[in-house]
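This report concerns only the one structure given below.
The values are calculated or read from the model by the stated rules, or taken from the named source; none is laboratory data. In this text the structure is predicted, and so the values were computed from the model without any measurement. A quick note on method: Cβ atoms are made from the backbone with ideal geometry, for glycine too, and the neighbour counts reach across all protein chains shown.
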Amino acid sequence: MEHFEAIIIGGGSAGLAASVALARSRRSVLVIDEGHPRNEPAEHAHNVLGQEGISPLKLLERGRAEAQNYGARITSGTVDSLSGSLDEGFMVHAGNQVFSAERIVLATGLKDELPRIPGLQQAWGTSAIHCAYCHGWEVRDQEILVLGCGPMSAHQAMMFQQLSSKITFINHAPSELSEEGVALLVDLGIPVVNHAIQDLEFDQSGQLKAAKLDNGERLQAQSLIVASRMNANADLYLSLGGELSEHPLGTFIKANETCATEVPGVYAVGNASNLGAMVMAAAASGTLAGAAINADLLNSKLVKP
Ligand SMILES: Cc1cc2nc3c(=O)[nH]c(=O)nc-3n(C[C@H](O)[C@H](O)[C@H](O)COP(=O)(O)OP(=O)(O)OC[C@H]3O[C@@H](n4cnc5c(N)ncnc54)[C@H](O)[C@@H]3O)c2cc1C
């Protein structure tokens, strides 16, 4: 069985940044990645300093090459189980391979759960979007529908109104719209349609054309703003005895300022521990965790007085 000082589960921005920091400190490090970063459906990544508008997959290809250049090992696969402890060491199973490690980094990202509307999943990341910082500039001045489906929806309407004056709020799930949300929409002068979306229409290139409502009405739009429910991919953490923390928008793995979780020897980075982390914040947490693990490993070898 091959042994590594650190095994990083997940090779998105967060996991790869952790691997670079560790490999540059000459730590033996393995990244195991199943290769489906959260922003995979998007053609471009924005607010990525120095790489503005790069394809998300190209960015990670560059990150992998940088990590490998310093000696990090990267392998494709899914980690199916994780066991052990700081004292005994950790065992990582990926398919028919088993590895051991002294420290674990969970860089597994999160899952966006979307409301069930036909066509929404296929439009996710292109015509159906969630984040003004990721896609807002690209949809400026478009006809935009904001799907009222969660506690952030009225806030999203406010964010996107900064980018287009043609905003309509669809009160799709009325129980999710608070009194404060109603007051905000009134205050902003955003029209509210009190019907649910039943279906979405696309043109031949896959671009959204319109939303069909449950009263038969058809609203023309090029973009639909959707607040997903975000749940950290945390099964491996739960299997080690860790517990998930609740957030109004989902669940996450609680980690401290060095990205250490409540399970000794296990670190969590990127969207797994911070639902709001964009690419650069995810990468920053990975770098931080890599440095913290290096320090932790150095300290663990010191002779105790
Ligand atoms: C549609 C969309 C567009 C976005 N656009 C932008 C943008 O323009 N700019 C921006 O800054 N942010 C954007 N984001 C946010 C961005 O996707 C996240 O900030 C970023 O992906 C978080 O990086 P991460 O490394 O934490 O997770 P991820 O990038 O999701 O990487 C997690 C990796 O872990 C792997 N994995 C999970 N479980 C396992 C397992 N058990 N075994 C092995 N591997 C596993 C996954 O397959 C994946 O490769 C966007 C998000 C979405 C949904």
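For region 239-272, the set of residues classified as in contact with a Phe, Trp or Tyr (Cβ under 6 Å, 6 or more places away or on another chain) and within 22 Å of Ala21 (Cα to Cα) consists of Ile253, Cys259, Ala260, listed by residue number. The set of residues in region 92-116 being among the hydroxyl-bearing types (Ser, Thr, Tyr) and surrounded by fewer than 19 Cβ atoms within 10 Å (Cβ to Cβ) consists of Ser100 alone. Comparison of Asn294, Asn256 shows that the only residue that is modelled with pLDDT of 95 or more, away from the ligand (no atom under 13 Å from the Cβ) and closer than 20 Å to Phe90 by Cα is Asn294. In summary, helices (runs of 4 or more DSSP H) completely within region 100-208 and bearing 1 or more residues that are under 23 Å from the mean Cα position of the chain (by Cα) occur at 120-123, 132-135, 153-161. The condition of being closer than 19 Å to Lys111 by Cα and of a type outside the set (A, V, I, L, M) holds for only one of Asn233, Asn256, that being Asn233.
Taken over region 98-138, residues that are among the basic types (Lys, Arg) and modelled with pLDDT under 95 amount to 0.
Pairs meeting the criteria (first residue in region 34-53 and at negative phi, second residue within 6 Å of the ligand (Cβ to nearest atom) and of a type in the set (Val, Ile, Thr), beta carbons under 7 Å, at least 6 apart or on different chains) are Glu34/Thr78; Ala45/Val279; Val48/Val279.
Restricting to region 94-123, what's the tally of residues that are within 10 Å of the ligand (Cβ to nearest atom) and within 18 Å of Gly241 (Cβ to Cβ)? Summing the residues that are within 10 Å of the ligand (Cβ to nearest atom) and within 18 Å of Gly241 (Cβ to Cβ) in region 94-123 gives 2. Only one of the numbered conditions (1) closer than 30 Å to Ala268 by Cβ; (2) of a type in the set (A, V, I, L, M); (3) away from the ligand (no atom under 14 Å from the Cβ) is not met by Ala128, and that is (3). For region 68-84, what are the residues that are without any contact (Cβ under 8 Å) to a residue 60 or more places away in the chain, farther than 15 Å from Val105 by Cβ and within 14 Å of the ligand (Cβ to nearest atom)? The answer is Ser76, Gly77, Thr78, Asp80.
If you go through region 260-305 and keep only what is touching a residue at least 24 places away in the same chain (Cβ under 8 Å), in a loop (DSSP other than H, G, I, E, B) and within 22 Å of Glu40 (Cβ to Cβ), you end up with Val269, Ser273, Leu275, Ala277, Met278. Number of residues in region 12-48 that are more than 10 Å from the ligand (Cβ to nearest atom) and part of a loop (DSSP other than H, G, I, E, B): the value is 4.
When region 255-304 is filtered for residues that are among the aromatic types (Phe, Trp, Tyr) and within 19 Å of Met230 (Cβ to Cβ), nothing remains.
Scanning region 209-249 for residues that are under 19 Å from the mean Cα position of the chain (by Cα) and assigned to a helix (DSSP H, G or I) yields Asp235, Leu236, Tyr237, Leu238.
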